[in-house]
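Student: The structure follows.
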Amino acid sequence: MAEQRFLGELLARRGLVPADKLESLWAIQRERGVELLDLIINSNLVDEVALGRALAEEAQLPFVERIDPAEIVTSVATRVPINFAKTHRVLVVREDEQAVHVVCSDPFDTQALDDLRVIFDKPVEAVVGGRDRIEDAINRVYEKQAGEERLESDDANRDEEATSDILDSDDEAPVIRWVNSLFLQAMKERASDIHIEPEEKEVIVRYRIDGELYVARRAPRAFMNSIISRIKIESALNIAEKRLPQDGRITKRIAGKSFDIRVSTIPTSRGYERIVMRLLNKSSVLLDLPDLGFSPREYALMDGLIRRPDGIVLVTGPTGSGKTTTLYACINRINQPNLNILTAEDPVEYEIQGIHQVHVQPKIGLTFAGALRAFLRQDPDIVMVGEIRDHETLEIAINASLTGHLVLSTIHTNDAAGAITRTIDLGAEPFLLRSSVIGILAQRLVRIICQNCKYPYPAEDFELEELGLTEERVRARIARRSLPGTRYFPRTVVEPDPLETFDIRARPTFYKARGCDQCTNTGFSGRRGIYELMLVDDAIGPLILRKADARAIKRMAWEQGMDTLRDDGARKVLAGRTTVEEVLAATQEDVADPIVPLPVAVVPAGVA
């Protein structure tokens, strides 16, 4: 524990980890029995390279950017048990007459270095490397030592139309290793989904990384049946049923991390099944609300909404836009021993200490509506419903909010204003919506520019126009602050907004990235949200009662102070966090969106 506290204080002293987060991280570390450095990396607080450099500088040791497995003497490295190497993230590179040379992720793990000194009976010369890079090198070196075969190296001249089943196949062992290597590679490359797709002459595997699909590997189509059968066996699906879609799940431990893998199969016209697997890292640390990428103003407003005693807060956006992560962050933020928090999810993606979670199973009659109805008899304070899909669930959610409960849920619409018209389409009475819904958050995910290879360039005129960084819109943003009664500008937020302080006479600097080893030549590393938070206040209420369309509601909300998705995207472009192309691809602005100034009547003197 002393070493953990020393490491935490070291990183706080160097400004890599906020000091106010250390106590919560130590509490999680004690509760789960995991390493502090693992928590810090998994929660995206510090990049592994920055972490490695800081530790190396503190220990006065060299830091290495890359670890080439080809330069490692396998026979020497594998004298160390693989479990020891993975547990301590230390890899022996070579041995000479004077010393044994190792690369480690934590130079202050003196026990591990002492053990290596005993194993080799020589002094240890250490350098520091990135944690994930060392883990990847360990897997490659020990895999090479074990002589594992790759499915791609099997005899490609086998009959292309072979239909052997994995239960009878001589290639069972290579197939098992090949499938396992899919999961290992996906974990290392931070993939969220694995697509296995049959083509005319081959099987193509694609990974979705940061929202984009990339071809990861190929295999002869002769192995398709064996691959599908192996995955079906692991996910407890019927291997004989090839005519109907099936859903299953696999729980795996990959490189020391626990993953819940959701499996979906569908039949295709080629006679083979297509498989998509979604990977959920159950070992990752839940993000807190400040870590999601909110601007200070939106964060203050959202934090206020989820601390209300009653009402409905909706999070909206397409599939894969991070809605569930946002809900978890909200729940994690307000989770206290004095609150009874219940959730209904399909499926339960992360288990949270102190929260009572229910896995919805429509096949046996346990629907969102049924779970929500049961929750009301469990004396809840806060209820989270994975998704509002039908009138019954919506009606119960409204009644729950009106009887003194805070309800958090998601709904599929393009923007915040669209959630109002969607709920009315589901059969909600406008006067009940006005009384129950307190806020709607729309969100998208944009890729973050790789900080290692990004470069600046002067913004083009058309980019400024597309992002709404024009003179008339800047003036309109400033004018909104003078409106009486608006709730969009909390007094607790004193930080200047880049969209209001933006100098319309200067040409700003935007960024792009070239691509490098650290970002796998994509130019991006990770994703963050852009947000559109609409408060249901006295300005929006009358429009709901009149059943106004989404465009009128959105315009009124913007004039009161709401920023659109594209506004928040522009804020992140100005901050050098993402690119113009990412924001334009993730958002859509039409002629009804508020890109013109406010009416002259509300523009204060001296602004126009």
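Student: How many angstrom separate the Cα center of the range 315-335 from the Cα center of the range 459-502?
Tutor: So the separation of the two Cα centres works out to 26 Å.
Student: Per the Debye formula with a single identical scatterer at each Cα and no solvent contribution, what log10 I(q)/I(0) holds for the range 382-434 at q = 0.25 Å⁻¹?
Tutor: Computed log10 I(q)/I(0) values: -1.06.
Student: Please give me the summed charge of the neighbours of Val263: other residues whose Cβ is under 9 Å from its Cβ, Lys and Arg +1, Asp and Glu -1.
Tutor: +2
Student: Tell me, what % of the accessible area of the chain is carbon and sulfur with a 1.4 angstrom probe?
Tutor: About 48 percent, which is the carbon plus sulfur part of the accessible surface.
Student: Further question: Based on DSSP H runs of at least 4 residues, each adding -39500 (n - 2.57), what is the mean residue ellipticity at 222 nm of the chain after dividing by all its residues, to the nearest 500 deg cm²/dmol?
Tutor: -10500 deg cm²/dmol
Student: Could you tell me the largest-minus-smallest coordinate of the C-alpha atoms of the range 171-257 on each of the three principal axes, in descending order and whole angstroms?
Tutor: 33, 29, 26
Student: If you don't mind, another one. Counting only other residues whose beta carbon sits under 15 Å from that of Gly365, what net charge do I get with K and R as +1, D and E as -1?
Tutor: Here the charged neighbours net out to -1.
Student: Based on alpha-carbon centroids, what's the gap between the range 43-112 and the range 371-392 in Å, whole number please?
Tutor: About 49 Å separates the Cα centre of the range 43-112 from the one of the range 371-392.
Student: With charges only on Cβ, +1 for K and R and -1 for D and E, what is the dipole size of the chain about its Cα centre, in debye, rounded to 20?
Tutor: With Lys and Arg at +1 and Asp and Glu at -1, about 1280 debye.
Student: Filter the GluC sites (Glu not before Pro) in the range 393-499 down to the DSSP loop ones having no more than 12 other Cβ atoms within 10 Å, then list what survives.
Tutor: Passing sites in the range 393-499 are Glu460.
Student: Return one whole number: the accessible area per residue of the chain in Å², for a 1.4 Å probe.
Tutor: Ligands and nucleic acids excluded, the result is 46 Å² per residue.
Student: Still on this structure, I have one more. Give me a comma-separated list of calculated 3J(HN,Hα) values for the range 467-476, in order, Karplus coefficients 6.51, -1.76, 1.60 applied at θ = phi - 60°, integers in Hz, x for any Gly or Pro.
Tutor: Here the 3J(HN,Hα) series is 7, x, 8, 10, 4, 5, 6, 4, 4, 5 Hz.
Student: Mind checking which lysines have their Cα closer than 29 Å to the Cα of Lys188? Skip sequence neighbours fewer than 8 apart in that chain.
Tutor: Excluding near neighbours in sequence, the set is Lys21, Lys86, Lys144, Lys201, Lys232, Lys252, Lys257, Lys282, Lys323, Lys454, Lys512, Lys572.
Student: May I pose another question? What does DSSP give for the chain in terms of the percent of beta bridges that are antiparallel, rounded to the nearest 5?
Tutor: Looking only at bridges with both residues in the chain, the antiparallel portion is about 65 percent.
Student: Do any GluC sites (Glu not before Pro) in the range 226-283 lie in a loop, going by DSSP, with at most 13 other beta-carbon atoms within 10 Å of their beta carbon, and if so which?
Tutor: Passing sites in the range 226-283 are Glu241.
The values are calculated or read from the model by the stated rules, or taken from the named source; none is laboratory data. Quick caveat: nothing in here was measured; it's all calculated off a predicted structure. Using ideal geometry, Cβ is built from the backbone for each residue, glycine included, and neighbour counts are taken over all protein chains shown. All accessible areas refer to the heavy atoms of the entire protein, side chains included, with ligands and DNA or RNA removed. Shrake-Rupley method; radii C 1.70, N 1.55, O 1.52, S 1.80 Å.
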